[in-house]
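The values are calculated or read from the model by the stated rules, or taken from the named source; none is laboratory data. From a predicted model like this one, the values you see are computed outputs, not experimental measurements. Quick reminder, even Gly has a Cβ in these numbers, built from the backbone with ideal geometry, and neighbours come from all protein chains shown. Heads up: the accessible areas ignore ligands, DNA and RNA and are worked out on the full protein's heavy atoms, side chains in. Shrake-Rupley method; radii C 1.70, N 1.55, O 1.52, S 1.80 Å.
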Amino acid sequence: MREWWIHVGLICVPLLAVYLHTPPPQLSPALQKWHSGGELFLFRGWNIFYRDSHGALGSSDVVILLHGFPTSSYDWNKIWEMLTQRFHRVIALDFLGFGFSDKPRPHRYSIFEQASVVEALVAHLGLSHQRINLVSHDYGDTVALELLYRCVDQNRTGHLTLNSLCLSNGGLFPETSHPRLLQMLLKDSTFLAPLLTRLTNYMIFQKGLSEVFGPYTQPTDAEFWDMWTGLRYNDGNLVLDSILQYINQRLKHRERWVGALTSTFVPLHMIYGPLDPVNPHPQFIHRYQQLVQRSTVTILDEHISHYPQLEDPTGFLNAYFNFIHSF
């Protein structure tokens, strides 16, 4: 009997230690360079990380990049330099709860708040009267749709003036979106979520994320580790369940956001990786083309999946520049 309790103790003590606290990994040189190139601004008392590069001379164009879940602005690192050769200002931020931004808990994260974060950053940078080009991915697509909705409300102060919007592989339509199993467990399980967020480790993270990359476009071990490090910064794993409420928000506010997309006259483009298991082909792109008839579309090579800007940066840039030069 006594030996049984010893075995239980040997199992429970390390599990309890993991549950209470696992130190975050150190930043790699590449991630440290990205971090060092950014700044912070205050939004409602929280620090928001952003990068703002001054690029092409003779151009006044501004592009803002909106990242996806569960990663960060570092998702844009492979196309950053080429964008600075085309745009006067290239700006990216880490949404509240992501990357190098603050990750308050408990907190009711929402798409509406993230859209306000973007508006506050634009005001902070003195660009409120500038026409803005938005490029978004995944979670960022829904934030972009809220910004698009606010665009048409002329009675509202602080809204962006959009010059264009380029979307990529976001779950715009609840009826064609297939969140991963862990996402569903985290967003809907009141009892399991606190345990899962603490016990999720690098191996679970890497396995889950690898499933949304193509078989020939998998990140390197170093790139996976940088994504994990960005998530674990400021204990970001502990807010995943709160952030994932955006899936429910997409369903609740579908009419608002899809309505903005289908009725806008802002130039629209979709860059789509067709191997995406979250927004599968052809259901997603057929639905998009059916509902968003004013938009142009680029479907990348058949082996490109959910992260087109990382899996095929050249194809992504070519598609985007063709779009920008078309109007």
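Can you confirm whether residue 204 is part of a helix (DSSP H, G or I) and modelled with pLDDT under 95? Yes, satisfied. Only residues that are of a type in the set (Ser, Thr, Tyr) and crowded, with 19+ Cβ neighbours inside 10 Å were counted across the range 247-265, and they come to 1. When you look at residue 141, is it modelled with pLDDT under 85 and at negative phi, yes or no? When the stated conditions are applied, residue 141 does not pass them. Somewhere in the range 175-197, is a residue at pLDDT 95 or above and not in a loop (DSSP other than H, G, I, E, B)? Checked the range 175-197: at least one residue is at pLDDT 95 or above and not in a loop (DSSP other than H, G, I, E, B). Tell me whether the range 266-277 contains one or more residues that are under 23 Å from residue 148 (Cα atoms), touching a Pro at 6+ places or on another chain (Cβ under 9 Å) and surrounded by fewer than 20 Cβ atoms within 10 Å (Cβ to Cβ). No. The residue list 38, 55 contains one member that is in contact with a Phe, Trp or Tyr (Cβ under 6 Å, 6 or more places away or on another chain), surrounded by fewer than 22 Cβ atoms within 10 Å (Cβ to Cβ) and at pLDDT 95 or above, which is 38. Counting the residues of the range 172-192 that are farther than 23 Å from residue 306 by Cβ and open to solvent by less than 70 Å² (accessible area, probe 1.4 Å) gives 1. Condition check for residue 98 on (1) open to solvent by less than 20 Å² (accessible area, probe 1.4 Å); (2) of a type in the set (A, V, I, L, M, F, W, C); (3) farther than 15 Å from residue 226 by Cα: one failure, at (3).
Results for (1) at pLDDT 95 or above; (2) surrounded by 11 or more Cβ atoms within 10 Å (Cβ to Cβ), shown as yes or no for each residue.
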position: 12; (1), (2): no, yes
position: 20; (1), (2): no, no
position: 24; (1), (2): no, yes
position: 31; (1), (2): yes, yes
position: 69; (1), (2): yes, yes
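Residues that are in contact (Cβ under 8 Å) with a residue 60 or more places away in the chain, charged (D, E, K, R) and surrounded by 18 or more Cβ atoms within 10 Å (Cβ to Cβ) do occur in the range 295-312. On inspection, residue 93 qualifies as buried (at least 22 other Cβ atoms within 10 Å of the Cβ) and more than 23 Å from residue 325 (Cα to Cα).
Residue by residue through the range 198-228, note down the ones that are within 17 Å of residue 27 (Cα to Cα), open to solvent by less than 30 Å² (accessible area, probe 1.4 Å) and of a type in the set (A, V, I, L, M). 227 - this is the single residue of the range 198-228 that is within 17 Å of residue 27 (Cα to Cα), open to solvent by less than 30 Å² (accessible area, probe 1.4 Å) and of a type in the set (A, V, I, L, M).
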